[in-house]
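The values are calculated or read from the model by the stated rules, or taken from the named source; none is laboratory data. Please read all numbers here as calculations on a predicted model, not as lab measurements. Methodologically, a virtual Cβ is constructed for each residue, glycine included, from the backbone with ideal geometry; neighbour enumeration extends over all protein chains shown.
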Amino acid sequence: MTDRPKTPTLDRVTVPADLKALSDRELRLVADELRAETISAVSVTGGHLGAGLGVVELTVALHAVFDTPHDKIIWDVGHQCYPHKILTGRRDRIRTLRQKDGLSGFTKRSESPYDPFGAAHSSTSISAALGFAAARDLGGDAGDAIAVIGDGAMSAGMAYEALNNAGHLKKRLFVVLNDNEMSIAPPVGAMSSYLSRLYAGAPYQEFKAAAKGAISLLPEPFQEGARRAKEMLKGMTVGGTLFEELGFSYVGPIDGHDMEQLLSILRTVHDRATGPILIHVLTKKGKGYAPAERAADKGHATAKFDVVTGEQKKTPSNAPSYTKVFAQSLIREAEGDDKIVAITAAMPDGTGLNLFAERYPRRCFDVGIAEQHAVTFSAGLAAAGLKPFCALYSTFLQRGYDQVVHDVAIQRLPVRFAIDRAGLVGADGATHAGAFDIAYLANLPGMVVMAAADEAELVHMVATAVAIDDRPSAFRFPRGEGAGVDMPERGQPLEIGRGRIIAEGGRVAILSFGTRLAEVLKARESLTARGLAPTIADARFAKPLDRDLILRLAAEHEALITIEEGAIGGFGSHVAQLLAEEGVFDRGLKFRSMVLPDIFIDQASPEDMYATAGMDAARIEAKVLEILNVASVASKRA
């Protein structure tokens, strides 16, 4: 363009306050450059691309109209926060996204005053924003609170709990509904259909309360639409009624990629709103980048990629991913058992159930971002005689824990929980690390808790879960590729509560639960070279424990070490309880439990994260030397 400034407009923006000195035309240029910057950065780091591209104009407009960080913008989930980070003083670090010692892929309070609330799981923004608004009115931090929440996140009950409370309190609060017809997977359910109906026809919504009598401020064609709404649809149910019944003034729907519309409407509601107001903004996920727009998930999560072609640069692997092994195993089991059904909460691709749905569409249920409902829905299916597999990430299952206890465990219903993303997950950091499921499931009476040591074991555990029909069960597996072991043609049910010996040795035994077994075996190789070959066992079950195996290991060795990819209170704690009750410690057994440390570990590669956690081969070897009091010998040899 001939009138484009020689210096890119984005270069003139160091902090959001700089946007207020720019004209509306210049703000449009900022948005164009911000989109290009976001694409460039994510091509280097990988990450969540599509959501951020969909809110570029909205991000610029919000920061131009509101006074951040005095005003608080809370991005629900945080997938869409990369453009926000670029505008808020982090542009020089944006190519460290999701890297060790770099920027988080989500909003993070400790990272910037422009991130007033950390978020990485969905549907929390309205509750948090209402908290800021209530605190403001009680003399706390001043300023407005703005929640930006996607239509997919609106399928979670927590969002409605917050809307209901906000409508009751009647405090000045802004909720921006970012409606892109898509969360991670295409949204499902009545709310999605309701929102679709709102914008299926010509837009005719009028401002309620915030801009009443200010129709002339609306850009065309909304002026005429608003007039028609007033004149022709009085007394009828119009778009926004649901939100208005909850106590919100409703504005929209508006084009989230039209900077003129966004600025006009945001300025109006900013100046006139007194109570809670919902602004319904239509956006397109992946907007402005053709490869993302064409992708099935609109570029939701991507590896590093070539900006020109969009081709992702993934490291080749000969081993299948654990997620794919789970999905294929479940499909094989379902071929011979029509009672098997699968449930996920807005993560069909992430859990592999998209493959199951292709084969058995009537037997696969995506309930949307509603983990609590997913668990109890599964309980109902089990009570009706089906064999439900509820496939959730470890950290997402946390959101449905009361339902696991009350609706599944107490009733002893055979719901099978397939727990993906167990252990440390890498670039998504602490918010997605599956650290707690062993502890929070293994303490439930009657629950069977398994962990696959490799992808072949996962196949057998799927078959085992199918066979367990008298109580709930769970099996966990990590993100990423398997160990590359030989795969069985079909899974065979394991004996419940029975582990296995991997290698016989002496003096010390290592009892592994989960995929740390590969690192344990690496440590054994090094220890064997020192003449200290330990016995290695795979527990397979955290509940019920293999009592005979554990007591045998304790009786035949002077030391026993457990290791698990979970927090304190899990497998190792149950083993220690058994040993204590049996009086084994009184007979002089040395015992150590290797668990994730009592900290939240920031994003890095999984290898770096496990090194930080002290759970790689080198640290396992060191633990053996320490418990046998030969660490000094090790240091001399080093």
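Values computed for the structure shown
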item	result
Some residue of region 546-557 being modelled with pLDDT of 95 or more and assigned to a loop (DSSP other than H, G, I, E, B)	yes
Test: residue in region 24-36 that is touching a residue at least 24 places away in the same chain (Cβ under 8 Å), under 24 Å from Gln603 (Cβ atoms) and small (Gly, Ala, Ser)	no
Subset of region 487-533 [in a loop (DSSP other than H, G, I, E, B) and over 36 Å from the mean Cα position of the chain (by Cα)]	Glu504, Gly505, Gly506, Arg507, Arg530, Gly531, Leu532, Ala533
In region 511-525, the residues that are without any contact (Cβ under 8 Å) to a residue 60 or more places away in the chain and not aliphatic (A, V, I, L, M)	Ser512, Arg524, Glu525
Residue within region 237-249 that is assigned to a loop (DSSP other than H, G, I, E, B), buried (at least 20 other Cβ atoms within 10 Å of the Cβ) and modelled with pLDDT under 85 present	yes
Among (1) buried (at least 24 other Cβ atoms within 10 Å of the Cβ); (2) on the phi < 0 side of the Ramachandran plot, the one test that Ala346 misses	(2)
Filtered residues of region 500-556 (kept if buried (at least 22 other Cβ atoms within 10 Å of the Cβ) and of a type in the set (Gly, Ala, Ser))	Ala509, Ser512, Gly514, Ala523, Ala537, Ala539, Ala542, Ala554
Which numbered condition His79 misses (of (1) farther than 19 Å from Ala427 by Cα; (2) touching a residue at least 40 places away in the same chain (Cβ under 8 Å))	(1)
Odd one out for Gly569, checked against (1) outside any loop (DSSP other than H, G, I, E, B); (2) out of contact with any Pro (no Cβ under 7 Å at 6 or more places or on another chain); (3) in contact (Cβ under 8 Å) with a residue 60 or more places away in the chain	(1)
Residue count for region 125-153, restricted to those that are in contact with a strand residue (DSSP E or B) (Cβ under 8 Å, 6 or more places away or on another chain), outside any strand (DSSP E or B), in contact (Cβ under 8 Å) with a residue 40 or more places away in the chain and buried (at least 18 other Cβ atoms within 10 Å of the Cβ)	9
Asp338 vs. criteria out of contact with any Ser or Thr (no Cβ under 9 Å at 6 or more places or on another chain), assigned to a loop (DSSP other than H, G, I, E, B) and free of Cβ contacts under 8 Å to residues at least 40 places away in the same chain	yes
Considering residues of region 436-486 that are small (Gly, Ala, Ser) and assigned to a strand (DSSP E or B) only, the residue farthest from Ser512 (Cα to Cα)	Ser473
Matching residues, region 91-121, being more than 21 Å from His63 (Cα to Cα) and touching an Asp or Glu at 6+ places or on another chain (Cβ under 6 Å)	Lys100
Set Arg479, Arg471: member being at pLDDT below 95, surrounded by fewer than 24 Cβ atoms within 10 Å (Cβ to Cβ) and under 21 Å from Gly400 (Cβ atoms)	Arg479
Among residues of region 573-591, those that are assigned to a loop (DSSP other than H, G, I, E, B) and small (Gly, Ala, Ser), counted	2
